[in-house]
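Participant: Below are the structure tokens for one structure; questions will follow.
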Amino acid sequence: MEPKTSIVSSSSSKPSNPNPNPKNRDFLIHLEAYLAKRDGVDKLLKISRYASKIILASSVIPESLPLSLRLKSFESSVGVSRKAFRLGKFVQDVNALRSANISSKEELFLSILAYGGEGLYYFVEQFVWLGKAGLIDKKNLNSLQKISAWCEFIGYIGSVSLKVKELRQISEDEQCLLSTREVSMIRGFGYAEEEEKLRKLRLKKLMKRLSVIQDFADGLMALADISDGKGMLSGPLLLSSAGLLSALISTHKNWISC
């Protein structure tokens, strides 16, 4: 099962303001900053893992070839390695919930679902990693993975709900800015400030939409884990493609935010 990136809301621990001038940064310095982040390395591993899974699921390489066996071994090893990056990660959700700007009972409920579900998922995943690494008994591993999948799925329900609410607010703010800009144009005033605010707001809106798509992709994989890979939406190629899509979106978000 795959971890999601931190839930993006008004109080998320993820940076909400991307670097305004990413093209002005030296590439190697930018890359160093990206690789210094836990999520940066984790998502590169995720890309490599799901790219391998897509190759295996699409039967591009015959199973009889040694390369196919190597890819399976690589994919499995990367999957276990990624779990090590979740050690202590549940703390960010505890802090995000503590600092959340909650203005209604609905937002409180959704925040508990989102941050609580993700936090429990990361907490349980620590023991899943210890079991796969052989430090603790594997007899309860299946139960732990099932609990982990349910926590993750519940977290996505809350996360998507919060992001949809925020997208509505962003759309309202965008309409207000458009009206302000139109009035300034009619009166012959300068509207450069409104244009800049509108540009930033539209970028934020785009990133929020990508984050919702990412949550749906990761949620699909969590649902497959809950159902033990059974059902119409549990095909290996579909799930691998969803995993790669999620990894690419997360990599893009992390890249422009560091």
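The values are calculated or read from the model by the stated rules, or taken from the named source; none is laboratory data. Just so it is clear, the model here is predicted, and its values are computed rather than measured. Here Cβ is always computed from backbone atoms with ideal geometry, including for glycine, and neighbour counts include all displayed protein chains. Calculation scope for accessible area: heavy atoms of the full protein, side chains included, ligands and nucleic acids excluded. Shrake-Rupley method; radii C 1.70, N 1.55, O 1.52, S 1.80 Å.
Participant: For the stretch 92-238, report the % of Cα-Cα distances exceeding 20 Å.
Facilitator: Cα-Cα pairs in the stretch 92-238 separated by more than 20 Å: 62 percent.
Participant: Pick out, from Phe216, Leu177, Leu206, the residue whose Cα sits farthest towards the positive end of the charge dipole of the stretch 131-258, with +1 on the Cβ of Lys and Arg and -1 on the Cβ of Asp and Glu.
Facilitator: Positive-end residue among those listed: Phe216.
Participant: Here's a follow-up. Would you mind checking Lys43/Lys105; Lys46/Lys139; Lys53/Lys138 for any pair whose Cα atoms are more than 30 angstrom apart?
Facilitator: Lys43/Lys105
Participant: Right, here's the next one. Please name whichever of Gly231, Leu244, Ser77 sits farthest to the positive end of the charge dipole of the chain, dipole taken about the Cα centre and charges placed at Cβ: Lys and Arg +1, Asp and Glu -1.
Facilitator: Ser77
Participant: For the chain, which whole-number percentage of the solvent-accessible area (1.4 Å probe, protein heavy atoms only) is attributable to carbon and sulfur atoms?
Facilitator: Carbon plus sulfur share of accessible area: 62 percent.
Participant: Suppose the Debye formula is applied to equal point scatterers at every Cα of the stretch 216-258; what is log10 I(q)/I(0) at q = 0.14, 0.32 Å⁻¹?
Facilitator: Values returned for q = 0.14, 0.32 Å⁻¹ are -0.35, -1.05.
Participant: Could you give each residue of the stretch 107-114 its phi-based ³J(HN,Hα) in whole Hz, using Karplus coefficients 6.51, -1.76, 1.60 with θ = phi - 60°, and x for Gly or Pro?
Facilitator: 5, 4, 4, 5, 5, 5, 4, 5
Participant: In nanometres, what is the gap between the two model label sites at Val80 and Cys176, each 7 Å from Cα along Cα-to-Cβ?
Facilitator: Between Val80 and Cys176, the simple spin-label model gives 5.3 nm.
Participant: At 0.36 nm per residue, and after removing the present C-alpha to C-alpha distance, how many nm does the segment from Leu35 to Met232 gain when stretched out fully?
Facilitator: Fully extending the segment from Leu35 to Met232 adds 67.2 nm.
Participant: Ok, one more. Considering every Cα-Cα pair within the chain, what fraction, in whole percent, is farther apart than 27 Å?
Facilitator: Value for the chain: 44 percent of Cα pairs lie more than 27 Å apart.
Participant: Run the dipole for the chain about the Cα centre, Lys and Arg Cβ at +1, Asp and Glu Cβ at -1, nothing else charged, and hand back the magnitude in debye, nearest 20.
Facilitator: For the chain, the charge dipole is close to 380 debye.
Participant: Per DSSP helix of 4 or more residues, -39500 (n - 2.57); summed, then divided by the residues of the chain. What does that give at 222 nm, rounded to the nearest 500?
Facilitator: -24500 deg cm²/dmol
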